[in-house]
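The structure under discussion appears below in the form of structure tokens.
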Amino acid sequence: MLGATGSIGQSTLEVLAHSPHRFHAWALTGHSQLDQLAQAARQSRPRVIVATDPQAARLRDWSDLPKETELRIGHEALIEVASHPEVDIVVAAIVGRAGLESTLAALESGKRVALANKETLVIAGPLVVELAAQHGGELIPVDSEHSAIFQAMQAGRSTEVTQVVLTASGGPFRNHTREQLESVTVEEALNHPTWEMGPKITVDSATMMNKALEIIEARWLFGLDPSQIRVMIHPSSVIHSLVEFCDGSVVAQLSPPDMRLPIQYALSYPERLPSPAQRFDWGATTQLELSPADPDRFPALALGAEVAGKGGTAGAVLNAANEAAVARFLSGDLPFHRIVPACQAVLQHHTFDPHPSLEHLMRLDQWARQEIQSWR
Ligand code: NAD
Ligand code: MG
């Protein structure tokens, strides 16, 4: 479990605890929340834990670890555990670009990757898909929308799919006017109406950049043309996404919003297992409203579709610009409504290359992070 201390990581631990005879955590990794990492180690007794922030790791007294658990420190250890022969499945739940190399290492070793880290596909979609195909690695989505599409697609053949519809809760500012969006605070942006997630993806949900990244993720994961991907606003987050087939039939996956379900499915696929996830209350009314997203108030959506269409270096630049812009917003240094325009501008300024190497993508990642710093 790469990123065991985060929101997806903690939900994954609950999934494992629910099926102890099926799953066992071989390694857990965490960056700076090291007490949480040690606690997770005491709970699930892995063979190895990795603390990636060396300074924080060296300051801590690790005498509270279980006897059988070995501590490794630093980013290189992520690659070692992600490609270790005793590991069958790698849960990729590190946030942002920091999760790229370890996810690639897992695919290169032919593992099943339960992919929460959508940024990996946004940065290097074609390279990731190719690497998986070359080495027999398997990419199973954890992102709830993509898990829903993956599940719904089993109702037909991939050649019979005409389009997919990604649902979006619309985040906390779904009904905000453009003017209201200009005075949004960090606290308001971190208060998501239906999902409890890490800070970066919560801000992404508020700007709708999360949906932009998900359009790109869907494009590479399912080999779709961007014109086949739509977004609909669905405030209750119950329909996780829909697939339309060539006969006009639409197949959707529904459940109360609870990440433990898509996480477990990525681990158990093609089987389904009893899970700790919430169930519908069939005695209550459930809202299944779907409405088109407003492209004027949420320009991130058009940006996502554009980047999905371009491919090449566009995804890496968008992702890096967004990560850096969100970090600036969270530290009070960039207004909320400037996040998406800043990303748009950096994207326009970069020299596009349709077939970049991974090294080229990493150089552009650095460049885009620097560019964002000059924005107000
Ligand atoms: P989080 O912030 O709660 O957790 C992030 C994890 O990454 C932590 O374990 C942290 O230790 C680790 N990490 C952070 N920086 C690191 C670094 N430099 N090196 C190594 N490890 C580092 O985030 P989250 O909400 O759990 O999201 C994780 C990923 O899953 C993201 O890519 C997000 O887009 C995706 N995702 C999350 C949800 C959700 O419900 N939380 C849903 C769909 C997709
Ligand atoms: Mg999602």
For this session: Kindly indicate whether any position in the range 20-29 is away from ligand 2 (no atom under 16 Å from the Cβ), touching a helix residue (DSSP H, G or I) at 6+ places or on another chain (Cβ under 7 Å) and more than 25 Å from L100 (Cα to Cα).
Result: no
Seminar exercise, completed: Note: among G30, G6, just one is within 12 Å of ligand 1 (Cβ to nearest atom) and under 25 Å from A316 (Cβ atoms), namely G6
Problem set entry | Selection count where residues are within 12 Å of ligand 1 (Cβ to nearest atom) and open to solvent by 30 Å² or more (accessible area, probe 1.4 Å), scope the range 95-116 | 4
For this session: Starting from residues that are in contact (Cβ under 8 Å) with a residue 24 or more places away in the chain, of a type in the set (V, I, T) and within 12 Å of ligand 2 (Cβ to nearest atom), keep the ones in the range 191-214 and report whichever is farthest from T12 (Cα to Cα).
Result: T194
For this session: Just one of (1) more than 9 Å from ligand 1 (Cβ to nearest atom); (2) open to solvent by 50 Å² or more (accessible area, probe 1.4 Å); (3) polar (S, T, N, Q) trips up S83, so point out which.
Result: (2)
For this session: Kindly establish whether V81 is at pLDDT 95 or above, of a type in the set (A, V, I, L, M, F, W, C) and either within 16 Å of ligand 2 (Cβ to nearest atom) or part of a strand (DSSP E or B) (or both).
Result: no
Exercise. How about the range 7-30: which of its residues are under 19 Å from A56 (Cβ atoms) and open to solvent by 30 Å² or more (accessible area, probe 1.4 Å)?
Worked result: Q10
For this session: Read through the list (1) under 22 Å from the mean Cα position of the chain (by Cα); (2) within 12 Å of ligand 1 (Cβ to nearest atom), then give the number of the only condition that A56 fails.
Result: (1)
For this session: Considering only residues that are among the β-branched types (V, I, T) and within 13 Å of ligand 2 (Cβ to nearest atom), look in the range 133-157 and name the one that is farthest from I89 (Cα to Cα).
Result: I149
Exercise. Are any residues in the range 33-70 of a type in the set (S, T, Y) and loosely packed, with under 14 Cβ neighbours inside 10 Å, and if so, which ones?
Worked result: S63
For this session: Inspect all residues belonging to the range 60-74 and state whether any of them is assigned to a helix (DSSP H, G or I), of a type in the set (A, V, I, L, M, F, W, C) and not assigned by TED's automatic domain parsing to the domain that holds P199.
Result: no
For this session: Given the conditions (1) under 20 Å from the mean Cα position of the chain (by Cα); (2) at positive phi, report the number of the one that V95 does not fulfil.
Result: (2)
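The values are calculated or read from the model by the stated rules, or taken from the named source; none is laboratory data. None of the values given here were measured: they were computed from a predicted structure. Using ideal geometry, Cβ is built from the backbone for each residue, glycine included, and neighbour counts are taken over all protein chains shown. Surface areas here come from the heavy atoms of the whole protein model, side chains and all, with no ligands, DNA or RNA. Shrake-Rupley method; radii C 1.70, N 1.55, O 1.52, S 1.80 Å.
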